[in-house]
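To start, the structure itself, in structure tokens.
The values are calculated or read from the model by the stated rules, or taken from the named source; none is laboratory data. Owing to the predicted nature of the structure, the values given are computational and were not obtained by experimental measurement. No Cβ is skipped: glycine too gets one built from the backbone with ideal geometry, and neighbour counts run over all protein chains shown.
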Amino acid sequence: MCDIFLFNSLLNAIDFNKTKLLLIGDNAQLPSIGAGNVIYDLIKSGCVPINSLNTVFRIDNGGILTAATKARSSTPFLKASHSPQIIGNDESYIFIPSSESDTLQKLKTLYKKLLRCGYLPKDILILSAYNKDNLGTNIINNLIQPIANKNCEQRNKCITLNFKGNKPRFYEGDLVIQTRNNYKAKTAYTHLQDCQNTVFIPNGEIGIIKSIEGSIMVIDFDENTVAYNRLDLNHINLAYSISIHKSQGGCAKVVLLVTPKSHTFMLNSNLLYVAITRAYQKVFNF
């Protein structure tokens, strides 16, 4: 995820008479948003020594590992069938055939079932290649939010924003994602007026809304709890469903992966590989 400009700054900062540089990466994952595909280009250049891990020892046991390895090498691993398919001895990858018209209903039903089985919303990550579109993250978030967060019934205590036609409502207890680096997020203490220190909240960080007081929202991002005003909230969105691009670097117990035919243009092997490997217990692929 390092672009050529950041990598150039890194190289310029290193004294190679005193320091060796060791790069560890996966060229099958998504390249940086900025210019360049650093790891892939270095590997293909032939200018630097490369050691690659190519042998997968437990592919027959793990469904997630099997599906990810096949996706990585662009090898078909699903049968032409209208029946659900389970892959791996651990049954960790489940493909559920769906038409675009019934995917949302199946997604909703499965999400409710996972909650009844004891999973928390933070344990479940719904991934889609698009934010817009009928099966994009915006529509999925609006569908899942009232299921995942009972505080949605408290209409008098929420904050509504307008993101170019998407108007998410935020309630206490909602999962949210930082959509742009915030280098000066104000930390929240016992009282909102005590917000003095600042911390860095990176793009893609997921947190939980702890409280809403007027136009101030307090969000717990694991190691940091911050107080956001309306300006800060321009870079916050619901995180029950996020794009596959945003998920790179993250993980969840269960991934619900939406891959309709209408998303074919985006669904290359890199994107599928990243999506499948975000889960460490189960992947349900619609």
| message | Let me confirm something: among G165, G173, which residue is at pLDDT 90 or above, assigned by TED's automatic domain parsing to the domain that holds L104 and not aromatic (F, W, Y)? | response | G173
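Consider L114 carefully, then state whether it is at pLDDT 95 or above and closer than 15 Å to V255 by Cα.
Details: at pLDDT 95 or above: yes; closer than 15 Å to V255 by Cα: yes.
Spelling it out, L114 is indeed at pLDDT 95 or above and closer than 15 Å to V255 by Cα.
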| note | Of the conditions (1) touching a helix residue (DSSP H, G or I) at 6+ places or on another chain (Cβ under 9 Å); (2) touching a residue at least 40 places away in the same chain (Cβ under 8 Å); (3) within 30 Å of D220 (Cα to Cα), the single one that I94 does not satisfy is (3)
| task | Scan segment 124-161 for residues that are of a type in the set (D, E) and over 26 Å from N268 (Cα atoms) and jot them down. | result | E153
| note | Every listed condition ((1) surrounded by fewer than 14 Cβ atoms within 10 Å (Cβ to Cβ); (2) at pLDDT below 85; (3) within 27 Å of I87 (Cβ to Cβ)) holds for P76 save (2)
| request: Could you list, in sequence order, all residues of segment 12-44 that are out of contact with any helix residue (DSSP H, G or I) (no Cβ under 8 Å at 6 or more places or on another chain) and either among the aromatic types (F, W, Y) or surrounded by 10 or more Cβ atoms within 10 Å (Cβ to Cβ) (or both)? | output: I14, F16, N37, I39, Y40, D41, L42, I43, K44
| task | Would you confirm whether any residue within segment 256-266 is out of contact with any Asp or Glu (no Cβ under 7 Å at 6 or more places or on another chain), farther than 27 Å from G62 by Cα and in a strand (DSSP E or B)? | result | no
| request: Might you let me know whether segment 81-104 holds any residue that is over 22 Å from T259 (Cβ atoms) and surrounded by fewer than 13 Cβ atoms within 10 Å (Cβ to Cβ)? | output: yes
| Out of S262, S211, which single residue is within 16 Å of D174 (Cα to Cα), among the hydroxyl-bearing types (S, T, Y) and surrounded by fewer than 17 Cβ atoms within 10 Å (Cβ to Cβ)? | S211
| message | Given the condition polar (S, T, N, Q) and either in contact with a Lys or Arg (Cβ under 6 Å, 6 or more places away or on another chain) or closer than 21 Å to V258 by Cα (or both), answer yes or no: does some residue in segment 146-155 qualify? | response | no
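Does segment 142-160 contain any residue that is touching a Cys at 6+ places or on another chain (Cβ under 7 Å) and either modelled with pLDDT under 90 or under 27 Å from E213 (Cα atoms) (or both)? Don't jump to the end; show me each part of the working.
Initially, segment 142-160 is screened for residues touching a Cys at 6+ places or on another chain (Cβ under 7 Å), giving 145-146.
Within this subset, residues satisfying the condition of being either modelled with pLDDT under 90 or under 27 Å from E213 (Cα atoms) (or both) are 145-146.
Yes, segment 142-160 contains a residue that is touching a Cys at 6+ places or on another chain (Cβ under 7 Å) and either modelled with pLDDT under 90 or under 27 Å from E213 (Cα atoms) (or both).
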| query | Out of all the residues in segment 233-246, is one or more surrounded by fewer than 17 Cβ atoms within 10 Å (Cβ to Cβ) and assigned to a strand (DSSP E or B)? | reply | no
